[in-house]
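Asker: Following this message is one structure expressed as structure tokens.
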Amino acid sequence: MDWPLLAPLSPEARSAVLSAARHRTFRKGEVVFHEGDPGDALHLVTAGHLAVQVATPDGERATLNVLAPGAHVGELALLPGQLGHRRSATVLALEPAETQVLSAAAFHAVREQFPAVNQILVDLLAERVRELSDRLLETMYVGLDRRVYRCLLRLQEVYADGPSPTVVPLTQDQLSDLVGGTRPSVNQVLQRLQEQRVIELGRGRVVVLDRPTLARKAGR
């Protein structure tokens, strides 16, 4: 498994990071960590898909992101001076999943041996700033229809398995969370896409049939 996060490292440094990590498996629906838990480790996703969720003011849970193999989560735990850091979101397995868990203590031990590993922290922070900036700009200045197109396009890439139609096993409530829209409004956009044969709707899933048209609508 290759993680883009580790790509800039030398083979020796990359091997040291992965050797310091421990393997964990999760059942479908099992929580990787809860919002508010002490944050003491980074998870590198090896298999399956994870959902990142937060609690809303009315007590519901909103899905912010879906992570695929090669992604990572919990990076703030690796920053120096984060003793007492609490998780800002809940992460759970959408299906049987596996991660490599790198504790903050193990990471800092590797840093002492391989100073180049410090670049991981720089890349983590830069990536998170870009991601938050992109989401803020999209929410403020991009219409709902295009936000739905872009979200489906990202999810198609997350779940793609070859050239055949891609099944995205998420509910419309989850899609609404991801794009920051209401379920009725998002459903209207999805219904139009289905009428155009770009997608097919099913119970708890969306099947992407025509990726090129979806990409064109998304402006990609």
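The values are calculated or read from the model by the stated rules, or taken from the named source; none is laboratory data. The model shown is predicted, which means the values in this text are computed figures rather than measured ones. Cβ coordinates were reconstructed from backbone atoms using ideal geometry, including for glycine residues, and neighbour counts include every protein chain displayed. What goes into the accessible areas is simple: the full protein's heavy atoms, side chains included, and nothing from ligands, DNA or RNA. Shrake-Rupley method; radii C 1.70, N 1.55, O 1.52, S 1.80 Å.
Asker: Counting each DSSP H run of 4 or more residues in the chain as -39500 (n - 2.57), what helix-only mean residue ellipticity at 222 nm follows after dividing by all residues, to the nearest 500 deg cm²/dmol?
Answerer: The helix-only estimate for the chain comes to -12500 deg cm²/dmol at 222 nm.
Asker: If I stretch the segment between Thr139 and Arg203 completely, what's the gain in nm (0.36 nm per residue apart, minus their alpha carbon distance), one decimal?
Answerer: 20.3 nm
Asker: Continuing with this model, one more query. Kindly express, to the nearest 10 degrees and within the range 0 to 90, the angle between helix 183-195's C-alpha long axis and the longest C-alpha principal axis of the chain.
Answerer: Orientation of helix 183-195: about 70 degrees from the principal axis.
Asker: Between Asp37 and Glu112, what is the spin-label point distance in nm, taking each point 7 Å from the Cα along the Cα→C-beta axis?
Answerer: The modelled label-to-label distance comes out at 2.7 nm.
Asker: Please work out how much accessible surface Ser164 shows to a 1.4 Å probe, ignoring ligands, DNA and RNA, in Å² rounded to 10.
Answerer: Here the accessible area works out near 70 Å².
Asker: Also, quick follow-up: Sum up the charges of everything whose Cβ sits under 15 Å from the Cβ of Arg211, counting Lys and Arg as +1 and Asp and Glu as -1, but leave Arg211 out.
Answerer: Once positives and negatives cancel, what remains is +2.
Asker: Something else about it: Using a 1.4 Å probe over the heavy atoms of the protein chains, calculate the carbon and sulfur portion of the accessible area of region 1-114 as a whole percent.
Answerer: With neighbouring chains kept in place, the figure for region 1-114 is 53 percent.
Asker: Quick one: compute a quarter of the convex hull surface over the Cα atoms of region 48-91 and quote it in nm².
Answerer: 3.9 nm²
Asker: Net charge around Ala93, counting only other residues with Cβ within less than 11 Å of its Cβ (Lys, Arg = +1; Asp, Glu = -1)?
Answerer: Summing Lys and Arg as +1 and Asp and Glu as -1 gives 0.
Asker: Please compute, for the alpha-carbon atoms of region 1-40, the extent along each of the three principal axes and give them in descending order in Å.
Answerer: Result for region 1-40: principal-axis Cα extents of 34, 22, 17 Å.
Asker: Roughly how many Å is it from the Cα centre of region 12-41 to that of region 169-220, as a whole number?
Answerer: When both Cα centres are located, 32 Å separates them.
Asker: With a 1.4 Å probe and all protein chains left in place, how much accessible area per residue does region 108-219 have, in Å²?
Answerer: Per-residue value: 57 Å².
Asker: What list of ³J(HN,Hα) values in whole Hz, one per residue of region 98-109 in order, does the Karplus curve 6.51 cos²θ - 1.76 cosθ + 1.60 (θ = phi - 60°) give from phi, with Gly and Pro shown as x?
Answerer: 9, 9, 9, 9, 10, 6, 4, 4, 5, 4, 5, 5
Asker: Right, next: Would you mind calculating the gained length between Glu12 and Gln188 on full extension (0.36 nm times residue separation, minus the Cα-Cα distance), in nm to one decimal?
Answerer: Extra length available between Glu12 and Gln188 comes to 58.2 nm.
Asker: Keeping the other protein chains in place, figure out the carbon and sulfur percent of the accessible area of region 136-220, with a 1.4 Å probe.
Answerer: 48 percent
Asker: Could I ask something else about it? Working from Cα positions, state the angle (0 to 90°, nearest 10) between the long axis of helix 118-141 and the longest principal axis of the chain.
Answerer: Approximately 20 degrees, to the nearest ten.
Asker: If we count every other residue with Cβ under 13 angstrom of Val198's Cβ, Lys/Arg +1 and Asp/Glu -1, where does the sum land?
Answerer: +1
Asker: Give me the number: length gained by fully extending Asp161 to Asp123, i.e. 0.36 nm times residue separation minus the C-alpha to C-alpha distance, one decimal in nm.
Answerer: 10.9 nm
Asker: Nearest 10 degrees is fine. How inclined is helix 11-20 to the longest principal axis of the chain, computing both from alpha carbons?
Answerer: 90 degrees
Asker: Any chance you could tell me what percent of the C-alpha pair distances in the chain go past 33 Å?
Answerer: Result for the distance tail: 20 percent.
Asker: Please list, ordered by chain and number, the residues whose modelled amide H lies under 5 Å from the amide H of Leu64; skip anything fewer than 5 residues away on the same chain.
Answerer: Val52, Gln53, Val54
Asker: Can you work out the Karplus-derived ³J(HN,Hα) for every residue in region 65-74? Use 6.51 cos²θ - 1.76 cosθ + 1.60 with θ = phi - 60°, whole Hz, and x for glycine or proline.
Answerer: Couplings: 7, 10, 10, 10, x, x, 8, 9, 7, x Hz.
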